[in-house]
């Protein structure tokens with residue numbers, strides 16, 4: 001009798017131990033707490049974990065540019081400055097009272113391509129290359145014009161970005177716990193509601209992003225500078241300085257590896273416009289208010305399962321190694337209602 005009781009006790013302890021051990025696992029043995037190896041070797045596993053931090057992205061959009069210049073020169077004839085036909089007022093400018101001019105035009109389209117690294121869902125860093133096509137509109141001030149309008153210019157840029165994650169799924173969970181703090185831990189109904197809401201998939205992410213880069217004007221032609229025997233190449237009249245920008249990026253996850261994002265913001269730029277004999281320059285400020293939409297694909301660190309006869313569509317294990325059962329455009333661990 002004692003042996004039977006002892007045997008039953010051992011069986012009970014074994015099942016309790018197994019249940020406790022399996023609390024963080026699903027039916028395929030995937031632990032929610034432990035990171036399963038993605039490769040047979042430790043070096044390969046580390047490389048795949050690092051690779052999974054990177055994502056590639058492409059975006060396009062448009063922008064409106066607002067340009068301004070405080071014009072002053074002792075030799076205004078060196079610039080394409082013209083006066084309205086109906087006015088004959090002389091140009092009265094001093095270093096303390098320059099001629100303030102402004103103008104604007106559209107920049108369409110914008111194209112950007114780059115790479116981004118996610119650091120602990122707190123910061124993002126990245127960089128890329130962009131192209132834009134637009135038109136520098138005529139600047140106007142008082143009775144005068146500074147015509148820069150001409151054929152489409154082409155501009156390239158290389159840039160780096162740093163982003164601060166303002167809100168995402170983890171911060172939503174923290175917010176919900178803070179919101180439900182007024183309910184007692186003995187209030188089983190509200191605690192159950194909190195757990196259900198915290199487990200819901202929240203695909204949105206809001207990032208405050210700063211950008212810094214260099215620009216290069218690849219093609220610019222000002223018809224006002226098209227004069228016989230011009231002593232210089234008009235394409236060299238305009239040059240760009242480094243710029244910085246600030247924007248808000250909104251991301252929407254479609255799977256663990258793919259996302260759609262919208263980014264709106266402003267770039268603060270500076271250009272210099274050289275006189276015809278390059279003896280002096282005028283500084284031009286540009287604020288570029290843009291909107292972009294794009295897609296980003298995270299490089300998968302987990303290999304796709306190719307074992308014949310394995311029909312598991314979720315992430316699963318073979319010989320202790322984690323494999324994907326679905327493509328990168330699908331949720332890897334789909335739940336009820338997410339299979340189609």
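The values are calculated or read from the model by the stated rules, or taken from the named source; none is laboratory data. Remember, it's a predicted structure, so these values are computed and weren't measured experimentally. In this analysis, Cβ positions are derived from the backbone assuming ideal geometry, glycine residues included, and neighbour counts consider all displayed protein chains.
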Subject >> Single match in 170, 154, 179 (criterion: closer than 30 Å to residue 84 by Cα and either surrounded by fewer than 16 Cβ atoms within 10 Å (Cβ to Cβ) or under 22 Å from the mean Cα position of the chain (by Cα) (or both)) >> reply: 154
Original post:
Given (1) at pLDDT 90 or above; (2) within 28 Å of residue 268 (Cα to Cα); (3) surrounded by fewer than 14 Cβ atoms within 10 Å (Cβ to Cβ), where does residue 82 come up short, assuming only one miss?
Top reply: (1)
Original post:
Based on what the data block shows, is residue 195 at pLDDT 90 or above, surrounded by 15 or more Cβ atoms within 10 Å (Cβ to Cβ) and under 30 Å from residue 118 (Cα atoms)?
Top reply: no
Subject >> Residue list for the stretch 298-319, restricted to those being part of a strand (DSSP E or B), over 16 Å from residue 249 (Cβ atoms) and touching a residue at least 24 places away in the same chain (Cβ under 8 Å) >> reply: 316, 317
Original post:
Counting only residues that are at pLDDT 90 or above and either crowded, with 16+ Cβ neighbours inside 10 Å or on the phi > 0 side of the Ramachandran plot (or both), how many does the stretch 298-314 have?
Top reply: 5
**OP:** Scan the stretch 135-148 and give yes if some residue there is farther than 30 Å from residue 276 by Cβ and surrounded by fewer than 18 Cβ atoms within 10 Å (Cβ to Cβ), otherwise no.
**Re:** no
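Of the residues 56, 91, 10, which single one is more than 35 Å from the chain's Cα centre (by Cα) and modelled with pLDDT of 50 or more? Show your work before the answer.
Values: 56 fails: more than 35 Å from the chain's Cα centre (by Cα); 10 fails: modelled with pLDDT of 50 or more.
The match here is 91.
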Original post:
Taking residue 70 and the conditions (1) in a loop (DSSP other than H, G, I, E, B); (2) in contact with a strand residue (DSSP E or B) (Cβ under 9 Å, 6 or more places away or on another chain); (3) closer than 13 Å to residue 281 by Cα, which numbered condition does it fall short on, given that it satisfies the others?
Top reply: (1)
**OP:** Hey, can you tell me all the residues within the stretch 108-143 that are free of Cβ contacts under 8 Å to residues at least 40 places away in the same chain, outside any strand (DSSP E or B) and farther than 20 Å from residue 162 by Cα?
**Re:** 135, 138
